[in-house]
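A.B. asks: Okay, here's the structure, questions in a sec.
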Amino acid sequence: MIILGSILIGMSKGGLPGTGAITIWLYAQVFGAKASVGILLPVLICADIYAVIVYRRHVDLNMIKRLAPFLVVGTIIGAVLFNWIPADQFKRLIGFLLLVMVAIQLLPNSKSKPKAESKIYCVTNWLIPLSSGICSMLANAGSPILAFYLMIRKLPKLVLLGTYAWLILLSNLTSLPLHFATKSVTLGSLPFSFMLGSITIIGVFIARRIVDFIPQKQFEYFIWTVITLAGINLLS
């Protein structure tokens, strides 16, 4: 089950956002909700590195410069909150976050172009990356939030995926020393995590092929249904 979860993480990083959220549920079932966060983080970093390599020629550097500071601040805020939440509540929080991801995904897409001068749009520019950083630190669950933001900015598909890979890698690298400080990641757990991380390369390349040959929307409808069921299970 955890090997399947690692492959799904790779698929999520390789261009099929949403599949990785299933791994959050799988790892929480095997290791416990809070312990799974520290075990999963190095796995995510490995997959991020593979994704950055695959999409290295497709990056919006201006977008990275604009969002990166808020991601880092959000990650630090998440570290402050990390030890304040008991394990049982943390499990329910992960379930809640998964359901929020589904709700975000089902929001109707606006047909009008976002206006930079709009107050709501300006708030979104910092609130979404800030929230993504917090969720990444608390539950490794910030990726779909950030992916949603990049989607509404209407970036070309490959540029979206490349920019997404770099931003998530930055967020996860920032959170790694913070997880060491909270003892959710230890030197003893790293070899096991990196072993699972090496498997994610399979999922990255599978997803890269799927992105080219299978309509992504149809695949995502199924994935978000599975995520909904996983979130309900964690809330129970």
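The values are calculated or read from the model by the stated rules, or taken from the named source; none is laboratory data. Note that the structure is a prediction, hence the values are computed from the model and not measured. Using ideal geometry, Cβ is built from the backbone for each residue, glycine included, and neighbour counts are taken over all protein chains shown.
A.B. asks: Tell me which residues, restricted to the range 69-86, are hydrophobic (A, V, I, L, M, F, W, C), within 28 Å of THR186 (Cβ to Cβ) and more than 15 Å from the chain's Cα centre (by Cα).
C.D. replies: Passing the criteria: VAL73, ILE76, ILE77, ALA79, VAL80, LEU81, PHE82, TRP84, ILE85.
A.B. asks: May I pose another question? For the range 6-24, state whether one or more residues are of a type outside the set (Val, Ile, Thr), surrounded by fewer than 22 Cβ atoms within 10 Å (Cβ to Cβ) and farther than 19 Å from SER171 by Cα.
C.D. replies: No, that holds for no residue.
A.B. asks: State which residue pairs qualify: first residue within 16 Å of LEU196 (Cβ to Cβ) and inside the range 4-18, second residue modelled with pLDDT under 90 and assigned to a loop (DSSP other than H, G, I, E, B) in any location, beta carbons under 9 Å apart, and separation of 6 or more residues or different chains.
C.D. replies: LEU8/LEU16; SER12/GLY18
A.B. asks: Any residue that is farther than 18 Å from ILE49 by Cα and assigned to a helix (DSSP H, G or I) - is there at least one of those in the range 181-194?
C.D. replies: yes
A.B. asks: Of all residues in the range 73-86 being in contact with a Gly (Cβ under 8 Å, 6 or more places away or on another chain) and of a type in the set (Gly, Ala, Ser), which is modelled with the lowest pLDDT?
C.D. replies: Top of the filtered list is GLY78.
A.B. asks: Which residue, of PHE205, PHE192, PHE148, is among the hydrophobic types (A, V, I, L, M, F, W, C) and either closer than 16 Å to PRO17 by Cβ or at pLDDT below 80 (or both)?
C.D. replies: Criteria check complete, one pass: PHE148.
A.B. asks: Right, here's the next one. Which residues, counting only those in the range 166-186, are β-branched (Val, Ile, Thr) and closer than 13 Å to VAL72 by Cβ?
C.D. replies: Answer for the range 166-186, where residues must be β-branched (Val, Ile, Thr) and closer than 13 Å to VAL72 by Cβ: ILE168, THR174.
A.B. asks: Pick out, from the range 1-72, the helices (runs of 4 or more DSSP H) lying fully within it that include 1 or more residues that are at pLDDT below 80 and at negative phi.
C.D. replies: By residue number, 19-31, 33-54.
A.B. asks: While we're here: If I go through the range 51-67 residue by residue, how many of them are within 15 Å of the chain's Cα centre (by Cα) and surrounded by fewer than 23 Cβ atoms within 10 Å (Cβ to Cβ)?
C.D. replies: Summing the residues that are within 15 Å of the chain's Cα centre (by Cα) and surrounded by fewer than 23 Cβ atoms within 10 Å (Cβ to Cβ) in the range 51-67 gives 1.
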